[in-house]
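*Asks:* One structure coming up, written as C-alpha cells, with questions to follow.
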Protein chains: 2
Amino acid sequence: MKRLHKGFDITSYLPEGFEKSISNVIIEAPVDISINAKHWLTLMCTPSHLDELAIGFLYNEGIIKTIDEIRLAEVCHNGRNIDIWLNHNVDLPDMWQRTSGCMGGATSVKIKDVAKSKIIATILHPKKILWLTDLLLKSQSLYAMSGGVHSSALSDGENILVIMEDIGRHNTLDKIAGRCLMEIGFPTPGILITTGRISSEMLQKAAHIGASIIISRTAPSSLSIDYARYMGICLIGYARKDRFKIYSHAEYVEQSK
Amino acid sequence: MKRLHKGFDITSYLPEGFEKSISNVIIEAPVDISINAKHWLTLMCTPSHLDELAIGFLYNEGIIKTIDEIRLAEVCHNGRNIDIWLNHNVDLPDMWQRTSGCMGGATSVKIKDVAKSKIIATILHPKKILWLTDLLLKSQSLYAMSGGVHSSALSDGENILVIMEDIGRHNTLDKIAGRCLMEIGFPTPGILITTGRISSEMLQKAAHIGASIIISRTAPSSLSIDYARYMGICLIGYARKDRFKIYSHAEYVEQSK
C-alpha cells in the first residue's frame with residue numbers, strides 16, 4: 001500500500017510562541033493514464049484506489065459505459081501509471097473545459113447526454129440525511145490523520161456502500177464510480193454524500209453515478225442547481241449536525257411529522 | 001456589471017422544522033477564451049474581471065510574459081467570450097494535466113521553469129501575517145452575500161493591493177496576475193493570502209506572481225510543500241485568528257520577541 005500522507009517538519013505559531021513539530025500532510029501525486037498504449041492525461045490525485053480512479057474517470061467522462069469494455073487495467077509497480085486496455089478503439093476528447101474545480105468534458109453539453117431516466121426518485125427522511133452526513137465525517141480515515149482531504153460516500157439510503165478520499169473532490173466521485181462498475185453495481189436509489197462543494201462538474205459526475213439525492217457539507221454553484229432541477233436530482237447543501245438547505249426537488253425529502 | 005450571485009427559492013430543514021426562503025448562490029458560468037481568433041478553452045468561473053482572468057491565465061500558463069504581447073483583449077457583450085489578440089503567433093498546449101483542483105500545464109516540469117530569481121525573500125512579523133489574513137476575510141464582498149466562493153489577495157507586506165473572488169480558487173490567482181500585468185505591476189515582496197487549499201497548481205501560479213510568502217486559511221498538499229521548499233517560498237497554512245503553521249522557509253517569519 002502506497003503511503004497516502006507524509007510527515008513534514010513544521011513550525012507552528014501559537015499565542016504562546018513558536019513550536020516545532022511534525023505534521024502529517026495529504027499526498028498529492030501525478031498519475032498518468034494510458035488508454036490502448038497511448039498516454040492520455042495526467043491526474044493529480046491522492047494515489048489510492050488507482051484502478052477505480054481510472055475506470056471511474058473513463059465512465060464519468062462517457063468514454064466507457066460498462067466494465068466489459070475494459071480488457072485490462074494495470075497499475076504499474078511505481079504507482080504512478082495506470083495502463084488501461086479497452087476491447088475497442090476510442091477517440092479521446094482533445095478539447096477540454098477548464099471547470100471551476102477541475103477540467104472535464106464540455107459540461108453544458110454532456111449534462112444533457114446523461115439519460116434522465118438514470119435518476120430514480122426516492123424519498124428520504126431528514127434524520128436519515130443528517131445521519132448519513134454524520135457517518136461520512138466519522139468514516140474519514142485519511143482526514144483524521146492529515147486533514148486537507150475530501151471524502152465522498154455512496155449510500156442506498158440504508159447503509160454507506162463505499163467511501164473514497166482524495167485531495168481532489170472530483171477524484172472521490174471517479175473512485176466511487178470505478179468501485180460501482182468493478183464490484184458493487186450502481187445502487188437504486190443512489191445517495192451521494194460529499195464534503196466538497198458542488199460545481200457543475202461535481203453534479204455531472206454524480207448524475208453519471210445515478211445519484212438522485214446529493215448531499216454536500218458546503219455550497220452548490222448556480223449552474224449545479226440549474227442542472228439538478230433539470231435532471232430531477234435533489235440537491236442539498238450546508239448539511240451540518242441538525243440542519244441543511246434543499247436547493248432542488250424538495251419533494252424527495254419527507255416533510256410530514 | 002454582470003450579476004455574480006443569484007437568488008434561488010430553497011427549503012431549509014432546521015431543528016424547528018421546514019422553512020422556505022430565497023438563498024443567494026454564487027454564479028458559475030462557462031466563459032470561452034479565444035486566442036488570435038481560435039477558440040482555445042472554456043473556463044468555468046464567476047464572471048467578473050474577465051479580462052484580468054484571461055490575461056492572468058495566459059501569464060500563469062507561460063503563454064505570455066509581458067502585457068506588451070497583448071494587442072487586444074475584448075470581453076464580448078454577452079460576457080461569455082473573451083477574444084485575445086496577441087502580437088505574435090503562439091502554439092497553445094494541447095496536452096493538459098488534470099490536477100487535484102483544476103487542470104494546468106505539466107506542473108512538475110513547469111514549476112522548474114519559473115525562474116527562482118523571481119522570488120525575493122522577505123521577513124514578516126507573525127502579527128502582520130494574522131492581520132493580512134483577517135483583512136482578507138473582512139474584504140470578501142461576494143462571500144458575505146452568497147458564500148461558496150474563494151478569495152485571494154496580494155499584498156506588498158503593508159497593504160492589500162488587489163483582492164479577487166471566484167468560485168474556483170485557481171481563477172482568483174489568475175485574476176490577480178491579470179490585474180498586476182495590466183495595472184499595478186508585481187509587488188516586491190509579494191505576499192499572497194488565500195482562502196483556498198494549496199495544491200501544486202496553486203503553488204505554481206503563486207510562484208508566477210512572484211509571491212515569496214503564501215498564506216492559506218487551510219491545508220497545503222505534500223507536493224506544494226516540496227515545491228515551496230525548492231523554490232524558496234515560505235508556505236503557511238491553517239492561518240486562523242491567532243495561529244498558523246509554517247511548512248517551508250520558516251526563516252521568513254520574524255521569530256524574535
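*Asks:* Among the residues that make up the stretch B:66-82, is at least one of them within 16 Å of B:Ala37 (Cα to Cα), surrounded by 19 or more Cβ atoms within 10 Å (Cβ to Cβ) and free of Cβ contacts under 8 Å to residues at least 24 places away in the same chain?
*Replies:* There is at least one residue in the stretch B:66-82 that is within 16 Å of B:Ala37 (Cα to Cα), surrounded by 19 or more Cβ atoms within 10 Å (Cβ to Cβ) and free of Cβ contacts under 8 Å to residues at least 24 places away in the same chain.
*Asks:* Given the structure, is B:Ser155 modelled with pLDDT under 95 and surrounded by 14 or more Cβ atoms within 10 Å (Cβ to Cβ)? Spell out the reasoning first.
*Replies:* On the way: modelled with pLDDT under 95: no; surrounded by 14 or more Cβ atoms within 10 Å (Cβ to Cβ): yes.
Against the criterion (modelled with pLDDT under 95 and surrounded by 14 or more Cβ atoms within 10 Å (Cβ to Cβ)), B:Ser155 does not qualify.
Residues checked against (1) within 21 Å of B:Thr11 (Cα to Cα); (2) in contact (Cβ under 8 Å) with a residue 24 or more places away in the chain; (3) not assigned by TED's automatic domain parsing to the domain that holds A:Asp134:
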site: A:His170; (1), (2), (3): no, yes, no
site: A:Leu181; (1), (2), (3): no, yes, no
site: A:Pro189; (1), (2), (3): no, yes, no
site: A:Glu201; (1), (2), (3): no, yes, no
site: A:Arg217; (1), (2), (3): yes, yes, no
site: A:Ile233; (1), (2), (3): yes, yes, no
site: A:Tyr238; (1), (2), (3): yes, no, no
site: A:Tyr247; (1), (2), (3): yes, yes, no
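*Asks:* Step by step: first the residues of the stretch B:45-67, then only those that are touching a strand residue (DSSP E or B) at 6+ places or on another chain (Cβ under 6 Å) and not in a helix (DSSP H, G or I), then the one that is farthest from the other protein chains (Cβ to nearest Cβ). Which residue is that?
*Replies:* Across the stretch B:45-67, the extreme among qualifying residues is B:Pro47.
*Asks:* Identify the single condition in (1) more than 9 Å from every other protein chain (Cβ to nearest Cβ); (2) at pLDDT below 95 that A:Ile70 does not satisfy, given that it satisfies every other one.
*Replies:* (2)
*Asks:* Taking into account only those residues within the stretch B:158-179 that are among the hydrophobic types (A, V, I, L, M, F, W, C) and buried (at least 24 other Cβ atoms within 10 Å of the Cβ), which is farthest from the chain's Cα centre (by Cα)? Write out each step before concluding.
*Replies:* Taking the stretch B:158-179 first, the residues among the hydrophobic types (A, V, I, L, M, F, W, C) are B:160-164, B:167, B:173, B:176-177.
Those still in the list that are buried (at least 24 other Cβ atoms within 10 Å of the Cβ) too: B:164, B:167, B:173, B:176-177.
Working: B:Met164: 7, B:Ile167: 11, B:Leu173: 2, B:Ile176: 6, B:Ala177: 8 Å.
The selected residue is B:Ile167.
*Asks:* Among the residues in the stretch A:20-37, are any within 26 Å of B:Lys241 (Cβ to Cβ), more than 7 Å from chain B (Cβ to nearest Cβ) and surrounded by 15 or more Cβ atoms within 10 Å (Cβ to Cβ)?
*Replies:* The initial filter retains those residues of the stretch A:20-37 that are within 26 Å of B:Lys241 (Cβ to Cβ), namely A:20-26.
Filter once more, so that each one left must be more than 7 Å from chain B (Cβ to nearest Cβ): A:20-22, A:24.
Okay, now just the ones that are also surrounded by 15 or more Cβ atoms within 10 Å (Cβ to Cβ), so A:24.
Scanning the stretch A:20-37 turns up at least one residue that is within 26 Å of B:Lys241 (Cβ to Cβ), more than 7 Å from chain B (Cβ to nearest Cβ) and surrounded by 15 or more Cβ atoms within 10 Å (Cβ to Cβ).
The values are calculated or read from the model by the stated rules, or taken from the named source; none is laboratory data. These numbers were taken from a predicted model, which means no experiment stands behind them. Heads up, the Cβs are rebuilt from the backbone with ideal geometry, glycines too, and the neighbour counts pull from every protein chain shown.
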